[in-house]
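To keep things clear, I will list the structure first and then write my remarks on it.
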Amino acid sequence: MKSSFELAMERLGGPVKKLTEEQKKAISEIESKYKSKIAQEQLACEDRIRKAKNDEEVSKIGKQTASGISSLKEKCEAEKAKIRGE
């Protein structure tokens, strides 16, 4: 089964570099690590929202969480790109 990266590269007409088993394992570990961090961020957000006193605080917490999750996703993609040798 092809990864989303491989499918995207095929659509763009770029070369698809075959990954070694070690690279695939490293990428899988990175994805797992960041999924865990994102889940922790979401749980912390839910807890802060429960404690929030008004809608303004809830909105602020939501924006902070979205920003934090976006940052984690970017870091994840950067680490995976490094493994792929991009």
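Sequence-ordered 3J(HN,Hα) estimates for segment 24-41 from the Karplus curve with 6.51, -1.76 and 1.60 and θ = phi - 60° stand at 4, 5, 4, 5, 4, 5, 5, 4, 5, 4, 6, 4, 5, 5, 5, 4, 4, 4 Hz, glycine and proline given as x.
Per residue, the convex hull spanned by the Cα atoms of segment 4-84 measures out at 90 cubic angstrom.
The aspartates and glutamates whose alpha-carbon is closer than 15 Å to the alpha-carbon of LYS75, local same-chain residues fewer than 8 away aside, are GLU29, GLU31, GLU41, GLU86. Among the listed pairs LYS17/LYS80; LYS60/LYS80; LYS2/LYS37, those whose Cα-Cα separation exceeds 22 Å are LYS60/LYS80; LYS2/LYS37. For the chain, the dipole from Cβ point charges (+1 on Lys and Arg, -1 on Asp and Glu) about the Cα centre works out to 80 debye, to the nearest 20. For segment 55-63, the Karplus equation 6.51 cos²θ - 1.76 cosθ + 1.60, evaluated at θ = phi - 60°, returns couplings of 5, 5, 5, 4, 5, 5, 4, x, 5 Hz by residue, with Gly and Pro reported as x. Rounded to the nearest Hz, the phi-derived 3J(HN,Hα) couplings of segment 42-50 under the Karplus curve 6.51 cos²θ - 1.76 cosθ + 1.60 (θ = phi - 60°) are 5, 5, 5, 4, 4, 5, 5, 5, 4, where x marks glycine and proline.
Bear in mind that the values in this text are calculations on the coordinates, not laboratory data. Predicted, not measured: the structure shown is a model, and the values here were computed from it. Every residue, glycine among them, receives a Cβ derived from its backbone with ideal geometry; neighbour counts consider all protein chains shown.
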